[in-house]
Amino acid sequence: MSTVSPSHIKTNLLSGLTVALALVPEAIAFALVAHVSPLTGLYAAVLVSFITSAFGGRPGMISGAAGALAVVMVALVVQHGAQYLFAAIVLMGVLQILFALARLGKFIRMVPHPVMLGFVNGLAIVIFVAQFEHFKVGGGWMSGPQLWTMLGLVALTMAIIYVTPKLTKAVPATLVGILAVALLAHFLHIDTRTVGQLGSIAGGLPSFHIPDVPFNLETLRIVFPYSLVLAGVGLIETLLTLTLIDEITDTRGQPNRESMAQGAANIVTALFGGMGGCAMIGQSMINIGNGARSRLSGIAASLFLLSFILFGSSVIEQIPLAALIGVMFVVCEKTFEWGTFRLFGKVPRADALVVVLVAGVTLAFNLATAVVVGVIVSALVFAWQHAKQIRVATSVDGQGWKVYELEGTLFFASVAGFQELFAPKEDPRDVVVEFRRARVADHSAIQAIDALAERYRSVGKRLHLRHLSPDCRELLERARDMIEVNLPEDPRYRVADDKLA
């Protein structure tokens, strides 16, 4: 019953209003980055937010026109025009739906924690740096009274946001900050940049239209590479944001459902003149920080934003940009994991390197590249660390046979060290390799065991392999006759094999 209480409804509606106000400058700015009209970005924010909030797998998460996607779109729009962008967004949505149908969303859980930290910190820095574009006029930086006025209003907004929760929690602090600074600027006639100076947000309802492009293979050749990158970037940013919100709220989202909703939202958005979108970490953090946890907040944000376009453009365009910049600065401060600095010196250097690397690549290139680089580096570090953990203890049993008792995981990265553990020429006639405390992980390990068997056979000595799984016994070739089978004691696990069935 508490989830539908008046307090719950008020919290989510007020948070939705705050998010809608924060979406306006972002949607306009990202539309201009992508070289399309401001309404193209605003329609995307309305439709993507509504559909993903209503049907997605992470209540409380906000989606809309995102900067990570806008930078990918630029080249396509400049070379071929906006209609090809709409076609690319439709295909992007189809690819995301296929991703969801294949149930691949679960793999986002495999992203290492250092990569998540780097992702959060990198995006916080990107959002922070992006706000400085609003301090430029005519291609140059503000100066004099105009600059000081802007900075003063930004600082005032931030101060109000930090102080308000100490006085009352009945209204979102971010909304109080925006309204207070907007009213102050209006009644004191303060001359400062406003939302309207980015572009007009006045418009009507979006209308349905099929992208005006030839439906042939040439069009597919043009849009497919962009669609693939857009789908990947959108899914990565969305699913990592979903994971972050899961951690903050101690709940569990549904990655595949969110991917499906995002794909459907992008198809619909493109057919109604929007530029497509994905999760927006800044607006999502505003929403979660306001205490909103349900679908209502995202739906309300999209409806409020639509009402701004249809009826309230003249009012919204008067809001000082400084107020919204102040909100985003607070979001950056709250999003950045300041505890990261305390980790340095306490966590392995490789993990610290991954955190810094992912944040740096996010800032220099884009989120998708950063996450892929982070995962690859983490995987290589993992492989290197485990490669060093293949150990052996040697002894001589009652029959005079030398026993090598292995411990660790035998896989592609540890096979070189594995081979160095043995000395066939110096060993006695019978040698035992005991796998009771070791695991054979992949086909490289199988090949290494076969090669070891050949080394002992070539010097006329007998190798006895004990406690291998049935799967290993099937895959071994040259060493098969050296295996000693003990069904009650032999382990049972599968080997990652690259042979054809």
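Tabulated data for the structure shown
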{"quantity": "Packing rank of 139-151, 363-375, 172-184, where each peptide gets the mean count of other beta carbons within 10 Å, highest leading", "calculated": "172-184, 363-375, 139-151"}
{"quantity": "Ordering of 318-329, 15-26, 345-356 by packing [mean C-beta count within 10 Å, highest first]", "calculated": "15-26, 318-329, 345-356"}
{"quantity": "Charge tally in the Cβ shell below 14 Å around Ile325, where Lys, Arg are +1 and Asp, Glu are -1, Ile325 excluded", "calculated": "-1"}
{"quantity": "Cα long-axis angle, helix 6-33 against the chain (0 to 90 degrees, to the nearest 10)", "calculated": "90"}
{"quantity": "Helix-only CD estimate at 222 nm, as mean residue ellipticity for the chain, using -39500 (n - 2.57) per DSSP H run (n ≥ 4)", "calculated": "-20000 deg cm²/dmol"}
{"quantity": "C-alpha long axis of helix 321-335 to longest principal axis of the chain, angle in °", "calculated": "20"}
{"quantity": "Shape call, the range 195-288: gyration tensor on alpha carbons, a/c limit 1.5", "calculated": "oblate"}
{"quantity": "Net dipole in debye of the chain [+1 Lys, Arg Cβ; -1 Asp, Glu Cβ; about Cα centre; nearest 20]", "calculated": "640"}
{"quantity": "Largest to smallest accessible area among Glu247, Glu405 [probe 1.4 Å]", "calculated": "Glu247, Glu405"}
{"quantity": "Cα-based reach from Lys136 at 19 Å (exclusive), listing aspartates and glutamates while leaving out same-chain residues under 8 positions away", "calculated": "Glu26, Asp191, Glu317"}
{"quantity": "Contour minus Cα-Cα distance for Ala416 and Ile248 (0.36 nm per residue)", "calculated": "56.2 nm"}
{"quantity": "Cα-based shape type of the range 216-267, given that a ≥ b ≥ c are square roots of the gyration tensor eigenvalues and the cut on a/c is 1.5", "calculated": "prolate"}
{"quantity": "Cβ-defined net charge surrounding Ile127, 13 Å radius [Lys, Arg +1; Asp, Glu -1]", "calculated": "-3"}
{"quantity": "Proximal lysines relative to Lys425, as straight alpha-carbon distance under 20 Å, when same-chain residues fewer than 8 apart are discounted", "calculated": "Lys402, Lys461"}
{"quantity": "Solvent-accessible surface (1.4 angstrom probe) belonging to Arg436, in square angstrom, nearest 10", "calculated": "140"}
{"quantity": "Cβ-based net charge around Gly16, under 13 Å, with every Lys or Arg adding one and every Asp or Glu removing one", "calculated": "+3"}
{"quantity": "Prolate/oblate/rounded call for the chain, Cα gyration tensor, a/c under 1.5 rounded", "calculated": "prolate"}
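The values are calculated or read from the model by the stated rules, or taken from the named source; none is laboratory data. Note that this is a predicted model, so its numbers are computed, not measured. Here Cβ is always computed from backbone atoms with ideal geometry, including for glycine, and neighbour counts include all displayed protein chains. Accessible surface areas use protein heavy atoms only, side chains included; no ligands, DNA or RNA. Shrake-Rupley method; radii C 1.70, N 1.55, O 1.52, S 1.80 Å.
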